[in-house]
Amino acid sequence: ALVQPDEENVLRAEIRGDTARLFVNGQEVARVQHEGLARRGGTIGLIIASPAPLENGTAEVEIRDFKELALAP
């Protein structure tokens, strides 16, 4: 789902009730369902990993245009 490093990748996480879905460039890449996600004040962590050694041993991740949307008061 990821494109080459010289192109932009778009990451989207949707949490609704007890289900979290992760999309990369519009393609769903992960889904998890757990009762703890529906509780207020919970947290979600994002781990970024590479299946193969990186070319120079480092990676740069920039998160831009972060938005938190909520429907519930």
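The values are calculated or read from the model by the stated rules, or taken from the named source; none is laboratory data. As the structure is a prediction and not an experimental result, all values here were calculated from the model. Virtual Cβ from ideal backbone geometry, glycine too; neighbours counted across all protein chains shown. Note: areas computed on protein heavy atoms with side chains; ligands, DNA, RNA excluded. Shrake-Rupley method; radii C 1.70, N 1.55, O 1.52, S 1.80 Å.
Details
- For the chain: accessible area per residue (Å², 1.4 Å): 97 Å²
- Pairwise label distance in nanometres, Ser50 with Asp6, each label 7 Å out on the Cα-Cβ vector: 1.7 nm
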